[in-house]
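First the structure, in the form of structure tokens, and then the observations on it.
The values are calculated or read from the model by the stated rules, or taken from the named source; none is laboratory data. All values reported here derive from a predicted model rather than from experimental measurement. Note that each Cβ is placed from the backbone with ideal geometry, even for glycine, and that neighbours are counted across all protein chains shown.
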Amino acid sequence: METLKEIRLDSLNTDEFIKEQSGHIAASVGSGLTINALSGGVDSAAVTMLGHIAIGARLKTYFIDNGLMRQDEPAKIVSLFKGLGVHVEIVDARDKFLNALSGIADPELKREAITQAFYKDVFGILVRDSSAKFLLQGTILTDIDETVAGIKRQHNVFQQLGIDTQKSFGYKILEPLVQLRKDSVRVLAKALGLPESIYSRPPFPGPALAARIIGEVTHEKLEVVRKATFILEQEFAEIKAFQYMAILHNDRVTGMRDGKRAFGQQIEIRCWDSIDAREAIPTDLPYGLLRKLADKITSEVPGVVSVTYNLATKPPSTIEAV
Ligand code: XMP
């Protein structure tokens, strides 16, 4: 396996990078079709633009609606890319993912179930039906580092784990961003003509809201964490932080609802300062902002009686809770 040479932000020449990587994509895929999944995050958005520069309409871009996304996300992203001249097709895979996750509480097994549902069930079929030979994806260096170090099995890392995607899924994977970390991807995304709402967007993990539910993922729990996430993102819109999230805990605690004791749900808020996600410290947030957020979540998300703010650093914590 070749060792990946990191391109640090201070030595990234975006014009050269775009030229080199789009040339590499075009040469690798030849005259055939390639597909990619756009999630709306900065990595997959940058890869989508790079692929379109490289091979134009021979890149088929899909938004996989796995039911684990934030509120209104599929429609928002498709419309944003339409404005950039990129057609994105939505694939409704909500039931497939929910079924794949049913009964699974272990974090690594959850990630594996998502990986299999995504790469085998959903993409395997798309590739077969479209006769594409390649999947273009936005894996970055941090995804690989942490998977190889055994910190977390990122859902999108294969080659470094010795997995032959051609054998396992029936197609090859191209990863033009593997030499970059998040800070460099943002600068690249801007150079690729993406709007600030994308290039400055806080990272969001591939396993999406499933990474923010402790224990089994169910439709009901997804609704709770999706609502809490929506409120959090509204309240924190002006906060300069690397990433923030709402996590739904599995344990319940006693609270009060409508004058009665209720064994309710708990939301944990995390908000991180970090450069590249390798290390992170909780953001020093104004108490008033946290209090307002807690009031909104407990009053607007049914069943939630407790809201906490995480104070532990990464390491030993990780950014996501699953
Ligand atoms: P952790 O939780 O490992 O997260 O400290 C580091 C960064 O990676 C994101 N993350 C993921 N991204 N697939 C992804 O594409 C994943 O499986 C995954 N897990 C974590 C996380 O949001 C953070 O920015």
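Only one of Gly41, Gly30 is within 16 Å of the ligand (Cβ to nearest atom) and of a type outside the set (Phe, Trp, Tyr). Can you tell me which? Break it down into steps so the answer makes sense when it comes.
Values: Gly30 fails: within 16 Å of the ligand (Cβ to nearest atom).
Among Gly41, Gly30, only Gly41 is within 16 Å of the ligand (Cβ to nearest atom) and of a type outside the set (Phe, Trp, Tyr).
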Condition set hydrophobic (A, V, I, L, M, F, W, C), over 30 Å from Ser317 (Cα atoms) and touching a Ser or Thr at 6+ places or on another chain (Cβ under 7 Å), scope region 152-176, selection nearest to the ligand (Cβ to nearest atom): answer is Ile173
Checklist entry - Any residue in region 124-138 that is under 16 Å from the mean Cα position of the chain (by Cα) and assigned to a helix (DSSP H, G or I)? => result no
Q: With respect to Lys60, determine if the residue is within 24 Å of Asp121 (Cβ to Cβ) and of a type in the set (Lys, Arg).
A: yes
Listed by first then second residue, the pairs whose first member lies in region 139-153 and is modelled with pLDDT under 85, whose partner is among the hydroxyl-bearing types (Ser, Thr, Tyr) and not in a helix (DSSP H, G or I), with beta carbons under 7 Å and at least 6 positions apart or on separate chains, are Ile151/Thr318; Lys152/Thr318
From the option list Ser22, Ser44, Ser79, Ser102, single residue qualifying as more than 21 Å from the chain's Cα centre (by Cα) and of a type in the set (S, T, N, Q) is Ser22
Output yes when any residue across region 172-185 is in a loop (DSSP other than H, G, I, E, B) and within 30 Å of Glu300 (Cα to Cα), and no when none is.
no
Residues in region 139-151 that are within 11 Å of the ligand (Cβ to nearest atom) and outside any helix (DSSP H, G or I) total 4
Gly67 meets each of (1) modelled with pLDDT of 90 or more; (2) crowded, with 22+ Cβ neighbours inside 10 Å with one exception, condition (2)
Across region 95-138, the tally of residues that are touching a helix residue (DSSP H, G or I) at 6+ places or on another chain (Cβ under 9 Å), at pLDDT 95 or above, more than 15 Å from the ligand (Cβ to nearest atom) and closer than 22 Å to Val78 by Cα stands at 1
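Check Lys221, Lys172, Lys227, Lys190 and return the single one that is over 16 Å from the mean Cα position of the chain (by Cα) and at pLDDT below 95.
Lys172
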Residue pairs qualifying under the 6 Å Cβ cut-off, at least six apart or on distinct chains, with the first in region 157-181 being in contact (Cβ under 8 Å) with a residue 12 or more places away in the chain and the second being of a type in the set (Phe, Trp, Tyr) and not in a helix (DSSP H, G or I), are Thr165/Phe158; Lys172/Phe134; Leu174/Phe134
Residue count, region 259-284, condition exposed (fewer than 14 other Cβ atoms within 10 Å of the Cβ) and small (Gly, Ala, Ser), comes to 1
